[in-house]
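Asks: Structure in structure tokens, see below.
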Amino acid sequence: MGIIYHYCSPDAFLSIAKNKKLWLSATNNMNDFSEGAWLSKALGNVLSLNLTSDNKAMREGILRQFNINNNIKYITCFSKKPDILSQWRAYAQNGEGIAVGFDEESLDLESGMAFNHPDPKFSIKLNDVMYMSGNELSNMLVNLLKESGVKLLPEKENLSPETLMDLGNRLSYLSPVVKNPAFIEEQEKRIIYSPLVLSDKKDNSTKIFNPIGDMHYRISNGFLTSYFEFEFKGESIVEVVCGPRSKFSQYDIETFLGLNHLGLARIYRSAATYR
């Protein structure tokens with residue numbers, strides 16, 4: 001059984017435990033403003049290699065298809081580690097919060113590419129984050145482009161519409177799962193949801209096809225941001241780790257978990273020294 005940990009504030013922990021739901025938040029208003037930028041920058045650099053008037057249109061077409069497919073995703077983040085000081089500081093109310101340990105298998109999610117699709121089997125996945133240097137990422141993108149027939153030569157190159165669409169999908173898949181190696185300490189995994197959201201140009205109405213639930217809105221750091229709720233089984237929570245500055249007493253947390261049908265979850269205290 002693999003356990004992954006969701007670091008959160010005390011209030012968020014109460015909501016998660018009581019409602020058995022995680023919030024999947026829109027990537028366009030994440031706290032990390034570099035979200036997705038690592039890949040976009042590397043792709044731009046790779047597509048500028050041997051750029052000429054002969055191949056410029058095709059290169060621009062690849063970038064355009066990537067941007068079309070690189071729509072807003074909805075994610076929630078986990079760590080493979082239960083007691084990381086930087087995570088306590090950044091995501092758990094400066095160490096007062098909780099790391100909720102989930103049994104990965106009981107979330108019933110596969111890994112792989114999260115497509116814009118009405119069937120959640122294809123649109124929601126659980127993936128490891130890949131930490132790659134700029135050179136490593138550029139090399140991977142070069143190989144990916146070559147697999148699709150783009151040799152990055154000065155001469156004109158052509159791609160069929162089907163190949164271009166497939167390439168755009170494969171590139172956009174990488175956007176939420178590739179990060180700068182400066183963040184490797186996080187040891188992150190993510191639930192990634194890519195709902196099929198379309199607009200009707202007649203009346204500017206929005207249609208979401210077979211979503212996992214309603215799209216909700218909240219205010220976060222002054223931003224109007226959307227999210228979906230991901231429901232999980234109570235037995236998915238198997239550990240509760242109290243942060244280094246947690247004020248929860250053993251009695252209160254044991255009683256709270258028992259009243260919310262989570263009494264079998266193991267309770268730990270952070271070993272980090274932090275005031």
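No lab work stands behind these numbers, since they all come straight from the coordinates. As the structure is a prediction and not an experimental result, all values here were calculated from the model. Heads up, the Cβs are rebuilt from the backbone with ideal geometry, glycines too, and the neighbour counts pull from every protein chain shown.
Asks: Return the inverse of the average 1/r over all pairs of distinct C-alpha atoms in the stretch 51-161, which is the Kirkwood hydrodynamic radius, in Å to one decimal.
Replies: 18.0
Asks: So what is Rg over Rh here for the stretch 126-275, counting just Cα atoms and using Kirkwood for Rh?
Replies: Result for the stretch 126-275 is an Rg/Rh of 1.09.
Asks: Restricting attention to the stretch 127-235, which GluC sites (Glu not before Pro) occupy a DSSP loop and are surrounded by at most 10 other Cβ atoms within 10 Å?
Replies: Taking the stretch 127-235 and a limit of 10 other Cβ atoms within 10 Å, the loop GluC sites (Glu not before Pro) found are GLU155.
Asks: At 37 °C and 0.692 mPa s, grab the translational diffusion coefficient of the stretch 3-269 from Stokes-Einstein with a Kirkwood Rh over Cα pairs, rounded to a whole number in µm² per second.
Replies: Numbers: Rh = 20.3 Å.
In µm²/s, the coefficient is 162.
Asks: Which trypsin sites (Lys or Arg not before Pro) in the stretch 146-254 pass both tests, a DSSP loop state and at most 15 other beta-carbon atoms within 10 Å?
Replies: Passing sites in the stretch 146-254 are LYS151, LYS156, LYS201, LYS202, LYS233, LYS247.
Asks: If you take the charge dipole of the stretch 76-128 about its Cα centre, with +1 on Lys and Arg Cβ and -1 on Asp and Glu Cβ, which of GLY97, SER86, LEU126 is farthest toward its positive end?
Replies: Projecting each Cα onto the dipole axis, the largest value belongs to SER86.
Asks: Let me check I've understood the local charge: for LYS156, count other residues with C-beta under 15 angstrom from its C-beta, Lys and Arg +1, Asp and Glu -1. What total comes out?
Replies: Net charge in that neighbourhood comes out at -1.
Asks: Given the -39500 (n - 2.57) contribution per DSSP H run of 4+ residues, what per-residue ellipticity at 222 nm results for the chain, rounded to the nearest 500 deg cm²/dmol?
Replies: That calculation yields -9000 deg cm²/dmol at 222 nm.
Asks: Is there a pair in LYS81/LYS146; LYS18/LYS73; LYS146/LYS179; LYS121/LYS179; LYS20/LYS125 whose C-alpha atoms are over 29 Å apart, and which pairs would that be? Don't skip to the end; give the middle numbers.
Replies: On the way: LYS81/LYS146 36 Å; LYS18/LYS73 26 Å; LYS146/LYS179 22 Å; LYS121/LYS179 25 Å; LYS20/LYS125 18 Å.
Long pairs (Cα-Cα over 29 Å): LYS81/LYS146.
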